[in-house]
Structures are given as structure tokens and as C-alpha cells.
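Peer 1: My questions will all concern the structure given below.
The values are calculated or read from the model by the stated rules, or taken from the named source; none is laboratory data. All values reported here derive from a predicted model rather than from experimental measurement. With ideal geometry, Cβ positions are generated from the backbone for all residues, glycine too; neighbour counts draw on all protein chains shown. All accessible areas refer to the heavy atoms of the entire protein, side chains included, with ligands and DNA or RNA removed. Shrake-Rupley method; radii C 1.70, N 1.55, O 1.52, S 1.80 Å.
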Amino acid sequence: MSRRIQRRVPVDGPRLGADLHPVLERVLRSRGVAAAGDLDMSLAGLAPYHDLAGLEPAVDLLRAAIDADRRVLVVGDFDADGATATALALLGLRALGLARVDYLVPNRFEYGYGLTPEIVAVARTREPDLLVTVDNGISSVDGVAAARAAGMQVLITDHHLPGARLPAADAIVNPNRPDCAFPSKCLAGVGVMFYLLAALRARLRDDGAFERAGIEAPNVARWLDLVALGTVADVVPLDRNNRILVEQGLRRIRAGRCRPGIAALLAAGRRDPRRCVAADLAFAAAPRLNAAGRLTDMSVGIECLLDEDPAGCARRAQALDALNRERREIESDMHDDAVAWLESAVAHEADLPFGLCLFQEHWHQGVVGIVASRVKERVHRPVIAFAREDDETLKGSARSIPGLHVRDTLDAVAAHHPGLLLKFGGHAMAAGLSIRATDLERFRAAFDAELRRLLAGADLDDVLHTDGPLSPEELDLPLARALRDAGPWGQAFPEPLFDGEFQVLSRRVVGERHLKLKLRSAEDAAPLDAIAFNVTDESWPSGAARIRVAYRLDVNEWQGTESAQLVVEWLEVLGP
């Protein structure tokens, strides 16, 4: 698919800092940073928990559970956000005085997502007094009703968008509640639980509970490494509030004060915790943690996060690493299937529907989300990948493009075609759904029709947004370090990407699937090291002596020595 480059435009305003590199100033301004205070990543800059609707009754429930020594069961989710939120809930609630707290995480292949009546039936065998959901529950109307009918109290902590009807829980904490004035609507599930623990700690402190017990009030910031991992893994927008949470967690990791399980996951991904940035969480720790929920049971990942023994964590992380390798093999086969279908079914780009709905009988339902994301990157339009849930039902995972709220799109499809969607939920950029297998073609048509109502053809143009060019003098190690340290970078606060023209001096294959390059930006400029990941020599354009590339300026460490390196994200051949 053709791609065009569009350069970001910085917002006007006073200097963000006298010592700030001009390139970094330009980058930050183009991401909406308008004042120097926006760069303050201290915990004092966090939005106060008091603005979270539902927090007071939630704290009341937990305080009463502590006083009465009630059994509490945390019901989690099978992705990395749900795993970190579950681990955080157990560690935090135990430290704050709940002696009898355990967890239950649904297996996606047996029970599906959320607090369903079926998972409530499993929970009843544990005889809990209070169910606490993390990263789920806002759509669990029937499940909450079943739990309440069985005599259990229910506290929902979630961040997903609510439907037209809220479940009749005893308390609901969700920044996306219609009546919630909390300024950051982008909290991940683990972030919601962090705020609840902070509020509970404040209540206990104000009531003198810690003083009476003769103990020091635990510092909830000690678990910000879990918050950082779950927030980055769930690809929620990094508004300032989330950037603070992630940055504070990264600082703990770099200082060696993180959970042994997180250190082990980074080590399994060959990342140094002392130099950890958000990308290391996204591409090393999160996929290995997610692999458990995609292929087996997320309790494997949760136990890695809860384990206090570094040796035990290392063994668990290696098991998760093996699962992740298996996941990559499955994903590769499914991606090849999708590409083959595209090449055989669509002769021209103009023939593509506005939204793709892909399905193969043998596809793995734990991996369809990744395949949808990969295909979306290839065709730059909304994609839903389906796998068979059972003999009658398909489960789909949707990925969207900027400018389209995919969860609201599914809501519109459901409104226009009652009964077509069995269930759905999610965010602006990602969602999940279930349909009858016999309704796939009907759903394809309805989804495409809704997209054509919402999108114009120009919305499907593949635009690569960059931060413009760098001069030969700016392509150096100090700027690479400054860009790395200015993070965290992530969703809605993207890592700096530059573009420019270069002469190719040499190229060679490394690691079987990566190209190591030597480039020159000008005739009298020094040669530059560059690497293009997952690009084979055979796929490299022939005669590529002069190229235009979009690249990241990165810090490469080899045998203890740091150097500047360009990481090539896209290229076009300009000539021999």
C-alpha cells in the first residue's frame, strides 16, 4: 500500500526549558506539550483520586471487609492489564489489612471475558463475601445479578466504556462512567486499581488504623512498576496522568526496586532493567506476560508477578518465554493466511472494503487480536479477525485507525441490526465481539456499511507522521540519549520519528531477518549505523543506493559502548 509522509506541526508557546535540545523542544510541542510544567513527571502532578466517581462507596466496602475479616475474591482478566491489576489488587489489599483475599482469572477458552454468570458459579465454590473485578465488569449486568442473588457483594473496577445499562453492583469505579469528573479518561484497569488502593490507604490512615496496629502505612507507590507495565501493555493513550504513572514505574524498575517477576520478564526478553524504557515493557515484558492468557491460562503470568523469589520468577519467565515463542509461530502462520487471502481476493487497493473481516476455521482465538493489528498496519483500515469460539459462534477482535471509534461503531451496528452482535465491548482503537457463525457475511456487510457512513476515502490514506528531518550535526549520541530519556513514549504520545534522504554505503543481513546498514546523510557527513528489523535482503528494493527513510534515532549498546543508531521504520528508493 502506498504511504505518504506528513510532518507534525509544533504548537506555539514559550520555551519549555532553556537547556532543552531544540529538536526535543520541537518534538514535545508537536505532541501538545504547551508549558514547562507539563514535563513534570512527579507524583504530585497526578490527578487527585477524589474526582473518581464511585470511589467512596468502594472504599466503604473494602474498609468493612477489613473490619469484618471477610473473604474477598478478585476476578481478573486474561491480558497483561488484567494480570498486573490482579497482582496489584492482591499485593495492595493484603498490605492494607485484608487477610483473606484470593483471585480467579477466567480462562478465555472456557469462560470468555468478564464476570459472566458461569464464572460467578465458579467463584461461589470459593465462598467469597465480596467480589472485586479488575479490568472488567462494567458490562457484566447478568454476572453481577447472579453474584448478588447468591449473596455476594460486588465491587467493579474497570476502565472500559459502559453500555446503556450499568450493572447493579454495590460500587463501580470507572473513569468512563457518565457521571465521573475524573480528568484522565485513559486510565488502564491497573491504573484504576492503583487509585482505589491509594484512596483506601488514605481512609485507613485518617481513621488511625495503622497507628492502632503499630505499623507504618504502606506506600502504594511501591507497586507503580506493575502500573507501568499494565498501562503500556494495554496501549491506552499516554496523557499526562498516564505518563506520570508509567515514568514513576520505570524509575522504580531502573533503580532495581521492581517486582522480581517484572525483572525476570525483562531478562527473558534480553532487556536490561537498569536502562528500561516504555518500549522494553511493550515489546519484551508485555508479550511474554500476554502469551499465558492467549495460549493457556493467565494465572501462570499472575503467579510470576506475585512470586517473591527471583529464582522462581526466572523459571516462570522462561516458561512464559516458551509460550511467547509458540504464540509467534501461530501468529506468523495466521498472518500468512491473511496476506494470502488479501492477495488472492483483492486485485486492486481500490477494491478493498472500508473494513476487513477475516476468518479461517483453524485460527486461534487467543491470537486474532495480534493478526488484526498486523493486517491493519498493512492495509490502513479497520480490521476484525475472527476465530471459532464454538460450533455456533465466532469471536472477533477489532483494531481501528485514527479517527474511528471502533467500539462506538460496533454499538451503531448493533443498534441498526438488532440481534446481530451477541456481545461486544472495548475502546476507541480496539474491541472484542461475538457473532453467530452463520451471520459472518451479514456482519461483514453491516460493518462495511457503517464504516462508509462514518469515514471518507481520505481517512483510509496511509499517512506516516514524522518530526521532520535532522541535520548531519544532529544525528549524534547526545540527541539520541535526550530523546530516549524524554519519554515515556507510547500511544497518543508517539516516539520521535524523523525522515530524510540517505546514501546507502553498505548492507548486510544480521539475525536472519534484519538488515544492518551503513548510511550517509550528506557527501561530507560521517557514516551512520542503521538497522531495519524484519526485512530480508531479498525483499530490499534492488538498486537502492539512495533512499528516503523514516527512522528513529536510537541508542545502541554493544559490549558496553553506546553509539547512535538509526532504526528504519519505512523507506522508498530514490535512485541508484
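Peer 1: Tell me, what is the percent relative contact order of the range 452-550, built from C-alpha pairs under 8 Å that lie six or more residues apart? Working shown, then result.
Peer 2: Numbers: 122 pairs, mean separation 24.8, N = 99.
With pairs under 8 Å counted, the relative contact order is 25 percent.
Peer 1: Output the peptides 164-177, 224-237 sorted from most to least packed, where packing is the average of other Cβ atoms within 10 Å over each peptide's residues. Mind showing how you got there, number by number?
Peer 2: Working: 164-177: 19.6, 224-237: 27.9.
For the peptides 164-177, 224-237, the packing ranking is 224-237, 164-177.
Peer 1: Against the longest principal axis of the chain, how steep is helix 224-233, in degrees 0 to 90 to the nearest 10, with axes from Cα atoms?
Peer 2: 60 degrees
Peer 1: Need one word for the range 226-308: rounded, prolate or oblate. Basis is the Cα gyration tensor (sqrt eigenvalues a ≥ b ≥ c); a/c below 1.5 gives rounded, then a/b vs b/c decides. If you can, show how the numbers build up before the last one.
Peer 2: On the way: a/c = 1.73, a/b = 1.27, b/c = 1.37.
Here the range 226-308 falls in the oblate category.
Peer 1: Now a separate question. Under a no-solvent Debye model with one identical scatterer per Cα of the range 387-430, what's log10 I(q)/I(0) at q = 0.23, 0.29 Å⁻¹?
Peer 2: Ignoring solvent entirely, the Cα scatterers give -0.84, -1.06.
Peer 1: Given all pairs of different Cα atoms, what value in angstroms does the Kirkwood hydrodynamic radius of the range 287-424 take?
Peer 2: Details: mean 1/r = 0.0597 Å⁻¹.
Evaluated on the range 287-424, it is 16.8 Å.
Peer 1: Hey, got the Cα dimensions of the chain along the principal axes, in Å, largest first?
Peer 2: Projected onto its principal axes, the Cα set of the chain covers 76, 59, 47 Å.
Peer 1: I need two numbers for the range 254-354: Rg to one decimal and Dmax as a whole number, Cα atoms only, in Å.
Peer 2: When restricted to Cα atoms, the range 254-354 yields Rg and Dmax of 17.7, 56 Å.
Peer 1: What percent does the relative contact order of the range 1-64 come to when contacts are Cα pairs within less than 8 Å and at least six residues apart?
Peer 2: Working: 30 pairs, mean separation 18.3, N = 64.
RCO, the range 1-64: 29 percent.
Peer 1: Around ASP309, with a cut-off of 15 angstrom between Cβ atoms, what is the net charge of the other residues, counting Lys and Arg +1 and Asp and Glu -1? Spell out each step's value before the answer.
Peer 2: On the way: positive: ARG259, ARG315, ARG316; negative: GLU303, ASP307, GLU308.
Overall, the nearby charge balance is 0.
Peer 1: Mind running the shape call on the range 357-434? Use the C-alpha gyration tensor, a ≥ b ≥ c as the square roots of the eigenvalues: rounded below 1.5 for a/c, prolate if a/b tops b/c, oblate otherwise. All intermediate terms of the calculation are to be shown ahead of the outcome.
Peer 2: Working: a/c = 2.08, a/b = 1.03, b/c = 2.01.
Oblate, since a/c reaches 1.5 and b/c is not below a/b.
Peer 1: To continue, here is another question. Place +1 on the Cβ of every Lys and Arg and -1 on the Cβ of every Asp and Glu in the chain, take the dipole about the Cα centre, and give the residue among ALA544, LEU566, PRO14 whose Cα lies farthest towards its positive end.
Peer 2: PRO14
Peer 1: How many angstrom separate the Cα center of the range 102-173 from the Cα center of the range 209-258?
Peer 2: One Cα centre to the other: 25 Å.
Peer 1: How many Å³ per residue does the convex hull of the Cα positions in the range 394-481 occupy? Intermediate results must be reported in sequence, preceding the final value.
Peer 2: Working: hull volume 11.5 nm³, N = 88.
Looking at the range 394-481, the number lands at 131 Å³ per residue.
Peer 1: Remind me, relative contact order of the chain in percent, using alpha carbon pairs under 8 angstrom and six or more residues apart?
Peer 2: Reported relative contact order: 11 percent.
Peer 1: Let's see if you can work this out: charge +1 on each Lys and Arg Cβ, -1 on each Asp and Glu Cβ, no other charges. What is the dipole magnitude of the range 432-576 about its Cα centre, in debye to the nearest 20? Intermediate results must be reported in sequence, preceding the final value.
Peer 2: On the way: 16 positive and 26 negative charges, 96 e Å.
The dipole magnitude comes to about 460 debye.
Peer 1: With point charges of +1 on the Cβ of Lys and Arg and -1 on the Cβ of Asp and Glu, referenced to the Cα centre of the chain, which listed residue (LEU342, ALA68, ALA525) lies farthest in the positive direction of the dipole?
Peer 2: It is ALA68, whose Cα lies furthest towards the positive end.
Peer 1: With viscosity set to 1.306 mPa s and temperature to 10 °C, compute the Stokes-Einstein D of the range 323-399, Rh being the Kirkwood radius across alpha carbon pairs; µm²/s, no decimals. Present the calculation step by step, with values, prior to reporting the outcome.
Peer 2: Numbers: Rh = 12.6 Å.
Stokes-Einstein gives a translational diffusion coefficient of 126 µm²/s.
Peer 1: Give the cross-link partners of LYS395 among the aspartates and glutamates, using a straight C-alpha distance below 17 Å as the criterion and excluding same-chain residues fewer than 8 apart.
Peer 2: Once the sequence-local aspartates and glutamates are set aside, what remains near LYS395 is ASP77, ASP79, GLU110, GLU331, GLU361, ASP411, ASP439, GLU441.
Peer 1: Using a simple charge model, +1 on the beta-carbon of Lys and Arg, -1 on the beta-carbon of Asp and Glu, nothing else, what dipole does the chain show about its Cα centre, in debye to the nearest 20?
Peer 2: Values: 68 positive and 82 negative charges, 127 e Å.
I would put it at about 600 debye.
Peer 1: Would you be so kind as to identify which of ALA80, LEU90, PRO106 lies farthest towards the positive end of the dipole of the range 65-113, taking Lys and Arg as +1 and Asp and Glu as -1 on Cβ and the Cα centre as origin?
Peer 2: The Cα lying farthest towards the positive end belongs to LEU90.
Peer 1: A further question on this structure: What is the distance in Å between the Cα centres of the range 481-503 and the range 54-86?
Peer 2: The distance from the Cα centre of the range 481-503 to that of the range 54-86 comes to 38 Å.
Peer 1: Can you tell me the 0 to 90 degree angle between the C-alpha axis of helix 55-67 and the longest principal axis of the chain, rounded to 10?
Peer 2: Tilt relative to the chain: about 50 degrees.
Peer 1: Considering only the other residues whose Cβ falls under 13 Å of the Cβ of ALA526, what net charge follows from Lys and Arg at +1 and Asp and Glu at -1? Present the calculation step by step, with values, prior to reporting the outcome.
Peer 2: Values: positive: LYS518, ARG520; negative: GLU473, GLU474, ASP476, GLU523, ASP524, ASP529.
Summing Lys/Arg as +1 and Asp/Glu as -1 gives -4.
Peer 1: Based on the mean of other Cβ atoms within 10 Å per residue, sort peptides 54-60, 16-22, 283-289 so the most packed one is first. Mind showing how you got there, number by number?
Peer 2: Values: 54-60: 19.4, 16-22: 12.0, 283-289: 24.0.
Ranking, from highest mean packing down: 283-289, 54-60, 16-22.
Peer 1: Turning to a different aspect of this structure: How large is Rg over Rh for the range 145-259, taking Rg from the Cα atoms and Rh as the Kirkwood inverse mean of 1/r across Cα pairs? Write out the running numbers ahead of the final one.
Peer 2: Values: Rg = 16.3 Å, Rh = 15.9 Å.
Using Cα coordinates only, the ratio equals 1.02.
Peer 1: What number do you get for the range 13-153 when its Cα radius of gyration is normalised by 2.2 N^0.38 Å, N = residues? Don't skip to the end; give the middle numbers.
Peer 2: On the way: Rg = 20.8 Å, N = 141, 2.2 N^0.38 = 14.4 Å.
Taking the Cα Rg and dividing by 2.2 N^0.38 Å, one obtains 1.44.
Peer 1: Take the Cα radius of gyration of the range 112-151 and divide it by 2.2 N^0.38 Å, with N its residue count; two decimals is plenty. Walk me through the numbers before you get to the answer.
Peer 2: Values: Rg = 9.1 Å, N = 40, 2.2 N^0.38 = 8.9 Å.
For the range 112-151, the normalised Cα radius of gyration comes out at 1.02.
Peer 1: What number in nm² do you get for the range 451-576 if you take the convex hull of its Cα atoms and divide its surface by four?
Peer 2: Working: hull surface 40.4 nm².
So the mean shadow area of the Cα hull is 10.1 nm².
Peer 1: Specify whether the C-alpha gyration tensor of the range 14-69 places it in the rounded, prolate or oblate class, a ≥ b ≥ c being the square roots of the eigenvalues: rounded for a/c under 1.5, otherwise prolate if a/b is larger than b/c and oblate if not.
Peer 2: Prolate, because a/c is 1.5 or more and a/b exceeds b/c.
Peer 1: With the full set of protein chains in place, find how many percent of the accessible area of the range 197-314 is carbon and sulfur; take the probe as 1.4 Å. Mind showing how you got there, number by number?
Peer 2: Working: 2140 of 4380 Å².
Ligands and nucleic acids excluded, carbon and sulfur give 49 percent.
Peer 1: Any idea of the accessible area per residue across the chain, 1.4 Å probe, to the nearest Å²?
Peer 2: Working: 24510 Å² over 576 residues.
So the chain comes to 43 Å² accessible per residue, rounded to a whole number.
Peer 1: By the scheme Lys and Arg +1, Asp and Glu -1, what is the net charge of all other residues having a beta-carbon under 14 Å from that of HIS405? All intermediate terms of the calculation are to be shown ahead of the outcome.
Peer 2: Working: positive: LYS185, ARG399, ARG407, ARG453; negative: ASP408, ASP411, GLU450, ASP459.
Net charge in that neighbourhood comes out at 0.
Peer 1: Which log10 I(q)/I(0) values does the range 139-200 give at q = 0.14, 0.16, 0.20 Å⁻¹ under the Debye formula, counting every alpha carbon as one identical point scatterer?
Peer 2: Result of the Debye calculation: -0.41, -0.53, -0.79.
Peer 1: With 5 Å bins from zero, work out the P(r) of the range 97-193 over every alpha carbon pair and list the percent per bin.
Peer 2: The percentages, shortest bin first, are 2, 14, 24, 25, 19, 11, 5, 1.
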